[in-house]
Amino acid sequence: MDSGLLHKMLEVPFNDISNCKPDEIRIALDALGVRTIEECRLLEAKCILPEVRNIAENYDSLAELIYDGQNLGFALDERGQGMPHFMEKFAAALEYEGCRTLADAVDISQNLSCYNFISEAELHDYAMRELQQRGYFRGESPLADCFDFEVYAADLLEKQGFQLTRDEKSYITRNDTSFVQVHDHPESQQMVM
């Protein structure tokens, strides 16, 4: 069995799904001289998400691992079907949940609507909306030039339970939308869901 080919087979779903043709896994299996994934042995597994480690230890079968890898690849390739700040929101949600497994990363990618997310670029507008709802800064105001909207927004968000991400570029919190868990892994029970 050529371990380089097996590595290439697993690299497709995890790294660049956009170039993956539906029959790539079949071609790899044929080249290895096997009929099913179950006949293969996993030598190494890597994920593009640095927090996700010990991937193989979390799966009973190679087929389940490849399935989750492909699902994550599809989700990342679709980028939330045009969701603004998709990658930033996804990374913030992974951090917020303390995600360490591929299965949980797949679940989070499918449940991004369960998170409220404000990027650094949105702080000024967020603060302005909040102030206008309270009756301030309606129309032109010379005081607006003296007001630090970003600091005000950060203070508001922290009071509302938002967490600042490690890179200090965005804020995230869970909302009331139900989190639909696809996987029933014991590791998933550790998440904030």
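The values are calculated or read from the model by the stated rules, or taken from the named source; none is laboratory data. This is a predicted model, so every value here is computed, not measured. Cβ sites come from the backbone with ideal geometry, for glycine too, and all protein chains shown count toward neighbours.
Observations, loosely collected:
- Selection status of Phe74, in contact (Cβ under 8 Å) with a residue 12 or more places away in the chain and either within 17 Å of Tyr171 (Cα to Cα) or surrounded by fewer than 14 Cβ atoms within 10 Å (Cβ to Cβ) (or both): no
- Enumeration of residues in region 77-92 that are surrounded by fewer than 17 Cβ atoms within 10 Å (Cβ to Cβ) and either polar (S, T, N, Q) or in contact with a strand residue (DSSP E or B) (Cβ under 6 Å, 6 or more places away or on another chain) (or both): Gln81
- Residue satisfying all of: in region 21-49; among the β-branched types (Val, Ile, Thr) and not in a helix (DSSP H, G or I); nearest to Leu62 (Cα to Cα) among these: Thr36
- Single unsatisfied condition, Ser170 versus (1) free of Cβ contacts under 8 Å to residues at least 40 places away in the same chain; (2) closer than 24 Å to Arg79 by Cβ: (1)
- Inside region 50-83, residues that are assigned to a loop (DSSP other than H, G, I, E, B) and either hydrophobic (A, V, I, L, M, F, W, C) or modelled with pLDDT of 85 or more (or both) make up a count of 3.
- Within region 128-142, tally of residues that are at pLDDT 70 or above, at positive phi and either under 33 Å from the mean Cα position of the chain (by Cα) or not aromatic (Phe, Trp, Tyr) (or both): 1
- Of the residues making up region 137-147, none is free of Cβ contacts under 8 Å to residues at least 40 places away in the same chain, among the basic types (Lys, Arg) and assigned to a helix (DSSP H, G or I).
- Of the residues making up region 102-127, those that are crowded, with 19+ Cβ neighbours inside 10 Å and either under 9 Å from the mean Cα position of the chain (by Cα) or over 16 Å from Gln163 (Cα atoms) (or both) are Leu102, Ala103, Asp104, Ala105, Val106, Asp107, Ile108, Ser109, Asn111, Ala127.
- When region 45-101 is filtered for residues that are aromatic (Phe, Trp, Tyr) and either in the same structural domain as Ala121 (by TED's automatic domain parsing) or within 13 Å of the chain's Cα centre (by Cα) (or both), the ones remaining, listed by number, are Phe74, Phe86, Phe90, Tyr96.
- Of the criteria (1) modelled with pLDDT of 80 or more; (2) farther than 20 Å from Thr101 by Cα; (3) out of contact with any Lys or Arg (no Cβ under 9 Å at 6 or more places or on another chain), which one Asp23 fails: (1)
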